[in-house]
Amino acid sequence: MLDLKFIRENAGAVRHAAQVKGVDIDIDDLLRVDRELVDLKQRVEAMQAERNANAKLVPKATPEERPALIQRGKDLAEEIKALEPALRAHEDTLKLMLLRVPNIPHPSVPVGKDDSENVELRREGQLPEFDFTPLDHVDLLEKQGWSDPERVARVSGSRSYLLKGEAVMLEMAVLMFAMDFLAGRGFTPLSTTALARPDAFVGSGHFPGGEDQVYKIEGDELMLAGTAEVPVNSLYAGEQLSLDQLPVTFAAISAAFRSEAGSAGRDVRGLIRVHEFRKVEQYVLCEASEEVGLEWFAKILGNAEALLAALELPYRVVQNCTGDMGAGKVLMYDIETWVPSEQVYRETHSCSYLGDWQARRTGLRYRDAGGKLVFAHTLNNTGVAAPRILVPLLENHQQADGTIRIPEALRPYLGGRAVIGQP
Ligand SMILES: Nc1ncnc2c1ncn2[C@@H]1O[C@H](COS(=O)(=O)NC(=O)[C@@H](N)CO)[C@@H](O)[C@H]1O
């Protein structure tokens, strides 16, 4: 959410942001509602002032003057009451419109309509060269008896997954490694629920708009978040933080649930796109400065890159274009990791800087050095998401006999083993 004063004074920039992000919001309409609301408030205030002045005259009035004054007071009270519904309606409409106003993209963001216009910034790591025919992750899991897709589909339908045997240890090892790694970089570990109230989805920016991606629970206001970003972003909702509490940095592990509505037919095989997964999420709440925000952006991006480098996985970094960054972002980079069986890089991380757009809709404020109450800035990036990360991990590190070589960094989490699986 942007500051209404900013929108009034920068309508052109906000209109342009909506246009390049493909956000369907009419800024002129919003400003009209805003003006009507200001006018209504001024009329009510004038009538209240007149009513107060009038009430002061009653005790001093003569018996002849008094009835008219009392009647005037009653008439004014009626007129004020009559304006209440219009006032409420305008406030509600404006609030909903404000929640849909997109953030202003950073000047470096390429204008584009969808992910096909994201810009590759750099590639890191050597692509693997196999002197045998490599298998895809589904066949590798099958060969090692580490999956049971038919049975789990019978129980849980499509986009479900089940891991067995050492693949389970690998999934937990990579999650633990990510938590350890981020804790080592000063991020406070959190293990958190995916259950959250609707307000938390509004605060993060997933609502309005992303309702169809979220699993709801019959008869319960709680919903299942698709990322720990939702509950974690609202932990301090409504509070006034002090400067010395900033920056808040969390490495939050949680389950994540996504209906994947609209993804029908995409990635239906294997572990890339499932309804429930586990993610270690990097979340930062920092002071309201673009310079500091961009520094944290570089840090959380670097953390994810360092994690991928430790896992010895080749990847590339792309900058999301305006049409693929979502309403709330100022800046967004995806990290895509090499998947040999597809011969393409697939998204495994998504790094975002949102300025004060999330903080304003969540009510995340702190007292700055001058004692002023200001909205904080927030950022998030994936640390690691499993099982998706297992796709490149298994495929890039597979050996001719179908066993999986374990990168040095993961071995401590797998009892020191350098290889898992049976030849
Ligand atoms: N349906 C899914 N199945 C498996 N993994 C998924 C799914 N959806 C997302 N992920 C993983 O979660 C990562 C982050 O998801 S995201 O929507 O792009 N971004 C976020 O959730 C942000 N909070 C940063 O983590 C993705 O890069 C991907 O690795």
Inset, instruction - In whole Hz, with x marking every Gly and Pro, tabulate ³J(HN,Hα) for the range 177-193 from phi via Karplus 6.51 cos²θ - 1.76 cosθ + 1.60, θ = phi - 60°. - result: 4, 5, 5, 4, 4, 6, 4, x, 9, x, 7, 6, x, 10, 10, 10, 6
Legend entry - Charge-dipole axis of the range 242-360 as Lys and Arg at +1 and Asp and Glu at -1 on Cβ define it, positive-most pick from Tyr283, Ala306, Gly326: Gly326
Inset, instruction - Taking 7 Å along the Cα-to-C-beta vector as the label spot, tell me the Leu222-Leu4 distance in nanometres, rounded to one decimal. - result: 3.5
Inset, instruction - Express in whole angstrom the spacing between the alpha-carbon centres of the range 292-325 and the range 1-74. - result: 46
Inset, instruction - List the residues whose amide H sits under 5 Å from the amide H of Gly226, counting only those 5 or more places along or on another chain, with H placed 1.01 Å from N in the peptide plane. - result: Phe257
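If you rank Cys351, Cys321 by fewest surrounding Cβ atoms within 10 Å, what's the result?
Neighbour counts put them in this order, fewest first: Cys321, Cys351.
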Inset, instruction - Go through the range 90-103 residue by residue and turn each phi into a ³J(HN,Hα) via Karplus (6.51, -1.76, 1.60, θ = phi - 60°); whole Hz please, and just put x for glycine and proline. - result: 5, 5, 5, 4, 5, 4, 5, 5, 4, 5, 9, 6, x, 6
Inset, instruction - Rank Pro67, Ile104, Leu4 by how far each Cα sits towards the positive end of the charge dipole of the chain (+1 on Lys, Arg Cβ; -1 on Asp, Glu Cβ) and give me just the farthest. - result: Pro67
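Would you list Leu190, Leu121, Leu313 from fewest to most Cβ contacts within 10 Å? Don't skip to the end; give the middle numbers.
Working: Leu190 18, Leu121 10, Leu313 23.
Fewest to most other Cβ atoms nearby, the residues stand as Leu121, Leu190, Leu313.
Computed FRET efficiency, Cβ-Cβ of Glu117 and Leu83, R0 45 Å: what is it to the nearest 0.05?
Numbers: r = 48 Å, r/R0 = 1.07.
Taking R0 as 45 Å, the efficiency between Glu117 and Leu83 is 0.40.
Any idea what the relative contact order of the range 141-298 is, in percent, if you count C-alpha pairs under 8 Å spaced at least 6 apart?
Rounded, it is 24 percent for the range 141-298.
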Inset, instruction - Could you pull the Cα extents of the range 288-331 along its three principal axes, largest to smallest, in whole Å? - result: 33, 25, 11
Legend entry - Longest segment of the chain lacking trypsin sites (Lys or Arg not before Pro) that sit in a DSSP loop with at most 11 other Cβ atoms within 10 Å: 1-265
Inset, instruction - Take the cross-link list Lys41/Lys81; Lys21/Lys279; Lys60/Lys81 and give me the ones stretching past 18 Å between alpha-carbons. - result: Lys21/Lys279; Lys60/Lys81
Legend entry - Scaled radius of gyration (Cα, divided by 2.2 N^0.38 Å) that the range 284-366 gives: 1.24
Inset, instruction - Step through the residues of the range 352-360 one at a time and calculate ³J(HN,Hα) from phi using the Karplus curve (6.51 cos²θ - 1.76 cosθ + 1.60, θ = phi - 60°), rounding each to whole Hz and writing x for Gly and Pro. - result: 9, 10, 10, x, 9, 5, 6, 4, 5
Inset, instruction - Using only C-alpha atoms and all pairs of different ones, pull out the Kirkwood radius for the chain in Å with one decimal. - result: 24.3
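Which value, in debye to the nearest 20, describes the size of the charge dipole of the range 1-132 about its Cα centre when Lys and Arg Cβ atoms bear +1, Asp and Glu Cβ atoms bear -1, and nothing else is charged?
Working: 21 positive and 26 negative charges, 198 e Å.
Computed about the Cα centre, the dipole is about 960 debye.
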Inset, instruction - Please list, in chain and number order, the residues 5+ apart from Ser350 or on another chain whose amide H is under 5 Å from its amide H, with Hs placed from the backbone. - result: Ile335, Thr382
Inset, instruction - Would you mind checking which residues have amide H under 5 Å from Gly112's amide H? H placed 1.01 Å from N; only 5 or more apart, or other chain. - result: Thr322, Gly323
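Find the relative contact order for the chain and round it to a whole percent, using C-alpha pairs within less than 8 Å whose residues are 6+ positions apart. Intermediate values should be presented prior to the final figure.
Working: 802 pairs, mean separation 87.1, N = 423.
Here the relative contact order equals 21 percent.
In which sequence would Val174, Val344, Val268 go, from the one with the fewest C-beta neighbours within 10 Å to the one with the most?
Working: Val174 27, Val344 9, Val268 12.
Placing the least packed residue first, the sequence is Val344, Val268, Val174.
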Inset, instruction - Per DSSP H run of at least 4 residues, take -39500 (n - 2.57); add these up for the chain, divide by its residues and hand me the 222 nm value, nearest 500 deg cm²/dmol. - result: -12500 deg cm²/dmol
Legend entry - Cα Rg, Dmax, the range 298-423, angstrom units: 19.0, 65
Inset, instruction - Select from Thr93, Ala196, Met179 the residue farthest towards the positive end of the dipole of the range 82-200; place +1 on Cβ of Lys and Arg, -1 on Cβ of Asp and Glu, and compute about the Cα centre. - result: Thr93
Legend entry - Mean projected area in nm² (Cα convex hull; one quarter of hull surface) for the range 167-322: 11.4
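Just so you know, all these numbers are worked out from the coordinates, no wet-lab data involved. As the structure is a prediction and not an experimental result, all values here were calculated from the model. Cβ sites come from the backbone with ideal geometry, for glycine too, and all protein chains shown count toward neighbours.
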